[in-house]
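Everything on this sheet refers to the single structure shown next.
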Amino acid sequence: MPASSGHADLLQVLRAEFLPYLQTCRDPDQLPDLLDRLSDYLGADGAVLWRSEEDLLFALAVHGSARMDWTVENVAESIGMASWRSGSAAVQEGPSGAYRSALTGVQLAQVAGVPLRGPKGIIGCIELWWKATGGKPAASSEILALLEDVLNKSLPALLEYESERRNYVNAISRLMMLYDIGKVFHSTLEMEELAPVICTRVLNILEAESATVWMLDPVKRNLYCAAAEGPRTEAMSSARVWASDAGLGTTVSQGEAVLLHNVVEPEWTDRWGGSLRSLLAVPLMSGNRFLGAIEAVRGADARYFTEEDLRLLIDVAKQATVSLRNAQRLQAERRVNELNALMEISKEITATLDLDRVLTTTVNRITSVIPCDRCTVALHRKGRLDLCAVSGEMKLDRKAAGMPELEAMHVWLAGSGGDCTVLRTEEGIDAEREETRDKFGAYFDQAGMSAFMGLLLRDEESIVGTLVLEGKEPGGLSHGHYDLARIFASQVTVAVRNALLYQQMPLAGVLQPLAERRARFAAIPAARRSVMIAGAVAILAFLTFFPWWSKPSGEARVLPALVQPVSAEVEGVVRNVRVREGARVNAGDLLAEVAPEEMRVALQQAQSKHEILSRHVLQLEAAGDLGEARME
């Protein structure tokens with residue numbers, strides 16, 4: 001049969017049989033059957049129905065020897081892509097490029113592509129395969145032109161309808177998926193649980209090889225890895241990304257989402273350990289506040305991420321941002337409560353200078369703020385480190401079971417010169433040095449603990465002692481409690497140093513009762529203390545302005561109503577007055593005594609003179625001079 005006659009017969013068959021069937025197709029589910037019929041009419045051994053959307057070409061249906069996996073891997077080199085881009089039918093003779101038998105699994109003689117035109121341009125194409133061993137005529141440009149005219153009468157409308165339906169279905173599926181994601185994200189407010197959940201969901205939704213959730217450190221102002229899943233993420237836990245770093249840092253810090261293919265730039269690939277097939281990075285923004293970023297990658301053998309994947313990740317990031325912001329608010333509220341509780345404990349331990357009370361309060365109160373099962377304190381005394389207080393113990397017995405080993409850990413901590421946190425995890429002992437892992441492995445087995453946090457009590461002068469927090473449950477005491485424990489250790493250092501200095505003061509025993517009374521007064525409720533102070537001030541003011549209990553100072557004189565002079569019968573010096581001025585006396589009462597010395601002397605003189613005169617009279621009488629004797 002001449003070629004032109006064959007073409008005419010084929011055209012007649014297409015118009016008489018295929019076109020009426022094409023016009024009856026209203027359901028996109030009929031597209032595979034439509035492709036089968038067209039292949040049978042044209043004698044094609046394989047066919048692919050391509051659909052374009054947003055500068056991307058993907059296969060809707062395949063027939064015969066054409067495989068869907070081949071369309072995914074070789075779309076860029078397909079004849080369908082060439083026809084779609086040029087807007088005209090295309091034919092390729094012989095197996096070459098993407099149509100080699102090693103890729104298609106069959107020996108092809110000819111492939112052809114027919115574009116499908118819609119109201120807004122090319123919306124897809126149909127690709128046809130003919131085997132080299134096929135018995136029917138191969139395609140020619142004349143057949144393709146006729147085929148294009150037939151297909152463009154009804155097939156574009158069906159494809160548009162299929163596209164709209166698929167968009168509706170995708171939109172509904174997307175909304176349902178985002179709703180489910182939102183419920184999952186909002187089911188927890190714990191940052192340690194939320195970040196891994198977000199990472200897992202991103203990994204599953206995007207079918208990514210690996211994914212990470214980066215969070216902004218508010219203190220250091222850089223990004224740290226909050227969660228990572230998939231291969232190539234072993235080094236992510238220690239990775240830090242600064243806002244000024246090229247690649248992820250400068251991109252997401254400016255609020256930009258990126259989609260990259262065939263990534264080989266070191267600023268993107270260094271943390272992943274090699275080149276990437278495709279990469280998505282979306283910032284986590286709460287208003288104008290930058291919280292972090294989500295990053296997803298695919299390896300060298302995977303397909304590219306699409307613009308649809310980017311939009312989906314942006315929507316997921318919006319849901320994640322709300323949950324992460326709520327988790328941050330919860331963390332901030334908890335931190336405020338913890339700091340308030342820590343402040344109350346600090347006030348209690350710094351309000352006293354009694355060292356025993358400071359240590360007892362320290363080891364027993366901190367367990368209400370930091371989740372630990374045992375708290376111990378050791379102090380430097382006389383050149384050695386002694387265990388001084390253990391939580392839950394009223395009296396410390398250093399010889400009790402486990403105490404020597406615990407004291408040895410305090411000595412080791414003081415000798416290490418810095419703080420130390422060692423945890424027992426599912427992988428083993430979390431410590432940098434091998435000897436440290438061996439040491440704590442044996443200690444944890446002996447003490448029944450799973451976490452050890454040691455802090456030095458150190459100030460500007462020297463190391464005062466050591467503070468150790470221990471936990472039995474894995475995950476109870478963690479690295480996240482270190483900042484709070486460090487603040488508490490600083491407060492304990494101040495309180496212990498003050499108590500030690502107070503013990504060195506002279507008259508400390510005299511001042512201690514005063515300090516205790518002051519502490520008891522300070523412990524009185526503020527309202528009651530105010531009433532007591534006001535009452536004391538009122539009493540003092542009353543006694544000051546109304547001194548009913550006191551007498552006026554100065555001299556007082558009592559004047560008699562009648563003055564009666566009292567004179568002695570003899571002259572002399574008054575030796576004693578027997579009554580006081582103003583006293584009542586009776587007649588005959590002895591009022592005063594005169595000193596007898598002068599009268600006694602006068603009496604003796606008179607007696608001596610009398611004796612002399614008596615002897616002189618006797619002499620005159622003896623001499624017969626009686627007249628003169630009488631005169632004497």
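Quick notes
- Residue count for the range 196-231 under the criterion of being assigned to a strand (DSSP E or B) and either closer than 13 Å to GLU295 by Cα or without any contact (Cβ under 8 Å) to a residue 40 or more places away in the chain (or both): the result is 14.
- Among the residues making up the range 174-188, those that are over 15 Å from ALA227 (Cα atoms) and not basic (Lys, Arg) are LEU175, MET176, MET177, LEU178, TYR179, ASP180, ILE181, GLY182, VAL184, HIS186, SER187, THR188.
- Comparison of ARG575, ARG615 shows that the only residue that is at pLDDT 75 or above and either in contact with a helix residue (DSSP H, G or I) (Cβ under 7 Å, 6 or more places away or on another chain) or within 30 Å of ARG557 (Cβ to Cβ) (or both) is ARG575.
- Residues of the range 60-91 that are modelled with pLDDT of 85 or more, out of contact with any Leu (no Cβ under 6 Å at 6 or more places or on another chain) and part of a strand (DSSP E or B): VAL62, GLY64.
- The listed residue being of a type in the set (A, V, I, L, M), touching a residue at least 12 places away in the same chain (Cβ under 8 Å) and under 25 Å from ALA561 (Cα atoms), out of VAL577, VAL594: VAL577
- For the range 44-57, the candidate set comprises residues that are charged (D, E, K, R) and surrounded by 13 or more Cβ atoms within 10 Å (Cβ to Cβ); within that set, the residue that is farthest from LEU128 (Cα to Cα) is GLU53.
- Every test in (1) without any contact (Cβ under 8 Å) to a residue 24 or more places away in the chain; (2) crowded, with 17+ Cβ neighbours inside 10 Å is passed by ASP438 save one, and that test is (2).
- Checking every residue in the range 363-386 against the condition of being in a loop (DSSP other than H, G, I, E, B) and without any contact (Cβ under 8 Å) to a residue 40 or more places away in the chain gives at least one match.
- Checklist (1) hydroxyl-bearing (Ser, Thr, Tyr); (2) touching a helix residue (DSSP H, G or I) at 6+ places or on another chain (Cβ under 8 Å); (3) at pLDDT below 65 applied to THR24, failing item: (2)
- Looking across the range 451-496, the residues that are within 20 Å of LEU353 (Cβ to Cβ), surrounded by 15 or more Cβ atoms within 10 Å (Cβ to Cβ), over 20 Å from the mean Cα position of the chain (by Cα) and not polar (S, T, N, Q) come down to LEU457, VAL464, GLY465, LEU467, VAL492, VAL494, ALA495, VAL496.
Conditions (1) in a loop (DSSP other than H, G, I, E, B); (2) surrounded by 10 or more Cβ atoms within 10 Å (Cβ to Cβ); (3) at pLDDT below 75, marked per residue:
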site: PRO547; (1), (2), (3): yes, yes, yes
site: SER550; (1), (2), (3): yes, no, yes
site: PRO560; (1), (2), (3): yes, no, yes
site: GLN564; (1), (2), (3): yes, no, yes
site: GLY582; (1), (2), (3): yes, no, yes
site: ALA587; (1), (2), (3): yes, no, no
site: VAL601; (1), (2), (3): no, yes, no
site: ALA606; (1), (2), (3): no, yes, no
site: LYS609; (1), (2), (3): no, yes, no
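- Some residue of the range 290-307 being without any contact (Cβ under 8 Å) to a residue 24 or more places away in the chain and either small (Gly, Ala, Ser) or not assigned by TED's automatic domain parsing to the domain that holds ASP55 (or both): no
- Flag for ARG325 being within 15 Å of MET215 (Cα to Cα), of a type in the set (D, E, K, R), in contact with a strand residue (DSSP E or B) (Cβ under 6 Å, 6 or more places away or on another chain) and surrounded by fewer than 18 Cβ atoms within 10 Å (Cβ to Cβ): yes
- Test: residue in the range 229-248 that is under 20 Å from HIS479 (Cβ atoms), at pLDDT below 90, surrounded by 11 or more Cβ atoms within 10 Å (Cβ to Cβ) and of a type in the set (Asp, Glu): no
- Figure legend. Inter-residue proximity from the range 456-485: first residues within 12 Å of VAL377 (Cα to Cα), second residues modelled with pLDDT under 85 and in a helix (DSSP H, G or I), beta-carbon distance below 9 Å, spacing 6+ or different chains. Indicated pairs: LEU469/THR367; LEU469/HIS481.
- So GLY417, is it farther than 19 Å from ILE349 by Cβ, at pLDDT below 85 and exposed (fewer than 13 other Cβ atoms within 10 Å of the Cβ): yes
- Filtering ASP301, ASP356, ASP373, ASP397 for residues that are of a type in the set (D, E, K, R) and closer than 30 Å to LEU189 by Cβ leaves a single hit, ASP373.
- Contact map, the range 112-132: first residue surrounded by fewer than 24 Cβ atoms within 10 Å (Cβ to Cβ), second residue among the aromatic types (Phe, Trp, Tyr), Cβ cut-off under 6 Å, separation 6 or more or different chains; pairs are ILE122/TRP84.
- Just one of the listed residues (ARG334, ARG357, ARG325, ARG329) is touching a Ser or Thr at 6+ places or on another chain (Cβ under 9 Å) and either without any contact (Cβ under 8 Å) to a residue 60 or more places away in the chain or not in a helix (DSSP H, G or I) (or both), namely ARG325.
- Count - residues of the range 176-195 that are within 19 Å of the chain's Cα centre (by Cα), exposed (fewer than 15 other Cβ atoms within 10 Å of the Cβ) and not in a loop (DSSP other than H, G, I, E, B): 2
- Selection count where residues are assigned to a strand (DSSP E or B), touching an Asp or Glu at 6+ places or on another chain (Cβ under 6 Å) and surrounded by fewer than 18 Cβ atoms within 10 Å (Cβ to Cβ), scope the range 280-314: 0
- Those residues of the range 362-375 which are modelled with pLDDT of 90 or more and touching a helix residue (DSSP H, G or I) at 6+ places or on another chain (Cβ under 6 Å), in sequence order: CYS375
- Filter result (β-branched (Val, Ile, Thr) and closer than 19 Å to TRP130 by Cβ) within the range 58-114: VAL62, THR71, ILE79, VAL91, THR104, VAL106, VAL111, VAL114
The values are calculated or read from the model by the stated rules, or taken from the named source; none is laboratory data. Predicted model only: the values in this text are computed from it and were never measured. Cβ coordinates were reconstructed from backbone atoms using ideal geometry, including for glycine residues, and neighbour counts include every protein chain displayed.
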